[in-house]
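S.K.: The structure's right below; bear with me while I get my questions together.
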Amino acid sequence: MRRSTKLAAVVLSGSLGIASLAACGAKSNDTTASSGSSEGALKVGMAYDIGGRGDQSFNDSAARGLDKAKADLGVTVTEADAKTGEAEADKETRLKNLVTAGYNPIIAVGFVYQSAVEKVAKENPNTKFAIIDSASQTQPSNVTSLTFSEQEGSYLAGVAAALKSKTKHIGFIGGVQSELIKKFEAGYVAGAKSVTPDIKIETTYLTTPPDFSGFNSPDKGKEAAQGQLDKGADVIYSAAGSSGNGSIEAVANAGKLAIGVDSDQASQPALSKYKNNILTSMVKNVDKAVYAYIESAKKGSVFTGVKNFDLKADGVSLATTGGKIDDIKGKLDEAANAIKSGATTVPTAP
C-alpha cells in the first residue's frame, strides 16, 4: 500500500562473480561478507511495491521481515524498488534480473506484481516466488501467495472509530480503488456500523487502476483528508501507503483522530510529530509472513499455494501505541473474539 528509485549495482560474491542489477532498481544490500553468510547461503530477492523501504507503511513492514531473516537466518538479501508509473515490462525485467543474479526465492511485495510474477515464474520453474496480497488461480506451482484478512483488522478499526467519534461522522481514504483496498473499506464500514448503525462515513479513493500513484502521493492524501474534515469527519482511516502520511498530517493539524495502516504508524519516527493524533493503526503483519516464508525456504519445505494470515493467526491487529484505545479494549476484544469464533463474518466487499 504504497518513489523515485536510485539504480545501484549489486556486487555478488562467490562463483557468480560480478553481476549488475541496476536495470531492476536493486539496492546494494547484498553484502555476503557483512551478513556473515557463507557461499551457498540462501539468497533472497525482494521487489518492493511503489514507495519501497521507507514508506512508513506497507513496504516497511515487508522490510522488517527481510531484516529479521537476514539477522536470524543468515540469508543473503537484495532489494529492488518499483517506480511510479512504470510499465509492466519494468516489473518483469526487475524479477528476471533477480533470477539471473541467482536469487531464489524472490518475494514480490504487492498485487501490482501479479502478472509479472506469473510470467517470469512460468519461464523459470526452478525459482521459487512469493507474492504478497495477491492470489491467482492461473499462477504456476512455484508461486506462493501470502495473503491477509485485511477486512478483519479493518473491522476492529471501524469499531474503534465509531466508539471514539464525537460527531458520529468518520472517513475512509483508499489509495487505489482495487479489490484489495475495498476489503479495508468493507471491514471498516461494517465495524463502524456494528457500533453505530446510522454513522455517516465518507469514502474517497485517490486513483483507479492502472494509475497506482495513489499509494505514493502524500499531497493527494492530505487533500482528500481535508475534504472529509471539512464535511465533518473527526476520525479518518487511510489505507493508502505513503499517501496516508499526508492524510495523517491533515487530520493532526485539524486536531482530529487518524487511523494508520499496515505498520504501527504512531511509532514511526517520520510521523512522530503527529503521534498524539493517531488513534491506532490497523497493522498488517507482513513482516511475519515474509519471515515465515523465508524460514520455510531455509528449511527446505517452502510454503506452497495460498498462505493466509487472519486475525486468529495474528496476521492483522490493532496497534496500542499511545494508549488511546485502552479505554475501549473490552469492546474491541469482544469484537475480535466474535470474528475468531466465527460468530461475526466480516464482508470483503463494500
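No value in this document is a laboratory result; all are computed from the given coordinates. Just so it is clear, the model here is predicted, and its values are computed rather than measured. Neighbour counts are summed over all protein chains in view; Cβ atoms, including those assigned to glycine, are modelled from backbone coordinates with ideal geometry.
S.K.: Determine by what factor the alpha-carbon radius of gyration of the range 275-350 differs from 2.2 N^0.38 Å, reporting the quotient.
M.R.: Working it through for the range 275-350, the quotient is 1.37.
S.K.: Placing unit charges on C-beta atoms (Lys and Arg positive, Asp and Glu negative, everything else neutral), compute the dipole magnitude of the chain about its Cα centre in debye, rounded to 20.
M.R.: Once rounded to the nearest 20, the dipole reads 260 debye.
S.K.: Between the range 257-282 and the range 174-199, what's the alpha-carbon centroid distance in Å?
M.R.: 19
S.K.: Average projected area of the Cα convex hull of the range 202-308, in nm²?
M.R.: 8.2
S.K.: Can you tell which of GLN56, VAL77, THR100 lies farthest toward the positive end of the dipole of the range 39-122, using +1 and -1 charges on the Cβ of basic and acidic side chains (Lys, Arg; Asp, Glu)?
M.R.: About the Cα centre, the residue reaching furthest to the positive side is THR100.
S.K.: Further question on the same structure: Extending each Cα 7 Å along its Cβ direction at SER115 and ALA338, get the distance between those two points in nm, one decimal.
M.R.: 4.1
S.K.: Would you kindly derive the ³J(HN,Hα) couplings of the range 298-309 from the backbone phi angles with the Karplus curve 6.51 cos²θ - 1.76 cosθ + 1.60 (θ = phi - 60°), listing them in order in whole Hz, with x for Gly and Pro?
M.R.: My calculation for the range 298-309 gives 4, 7, x, 10, 4, 3, 10, x, 10, 10, 9, 10 Hz in order.
S.K.: Quick check: from the Cα gyration tensor, does the range 46-110 come out rounded (a/c under 1.5), prolate or oblate?
M.R.: oblate
S.K.: Here's another thing I want to ask about it. Beyond a 29 Å Cα-Cα separation, which of these cross-linked pairs lie in this structure: LYS200/LYS329; LYS231/LYS324; LYS168/LYS273; LYS91/LYS193?
M.R.: LYS91/LYS193
S.K.: Restricted to Cα positions, what overall size does the range 94-248 have along the principal axes? Three whole-Å values, descending.
M.R.: So the extents along the principal axes, rounded to whole Å, are 56, 30, 20.
S.K.: Can you run phi through the Karplus equation (6.51, -1.76, 1.60; θ = phi - 60°) for the range 41-52 and list ³J(HN,Hα) in whole Hz, with x for Gly and Pro?
M.R.: 5, 4, 10, 10, x, 10, 9, 7, 6, 4, x, x
S.K.: Could you work out [θ]222 nm for the chain from helices alone, using -39500 (n - 2.57) per DSSP H run of at least four and dividing by all its residues? Round to the nearest 500 deg cm²/dmol.
M.R.: Helix-only estimate at 222 nm: -11000 deg cm²/dmol.
S.K.: Let me ask something additional. Cα-Cα over 21 Å: which of LYS307/LYS340; LYS128/LYS182; LYS119/LYS299; LYS128/LYS298; LYS43/LYS299; LYS70/LYS340?
M.R.: LYS128/LYS182; LYS119/LYS299; LYS70/LYS340
S.K.: Sticking with this structure for a sec: Let me know the Kirkwood hydrodynamic radius for the chain, please, with Cα pairs as the basis and the value in Å to one decimal.
M.R.: The answer is 20.3 Å.
S.K.: Could you rank the peptides 278-287, 199-208, 126-135 by their average count of other C-beta atoms within 10 Å per residue, with the highest value first?
M.R.: Ranking the peptides 278-287, 199-208, 126-135 by packing returns 278-287, 126-135, 199-208.
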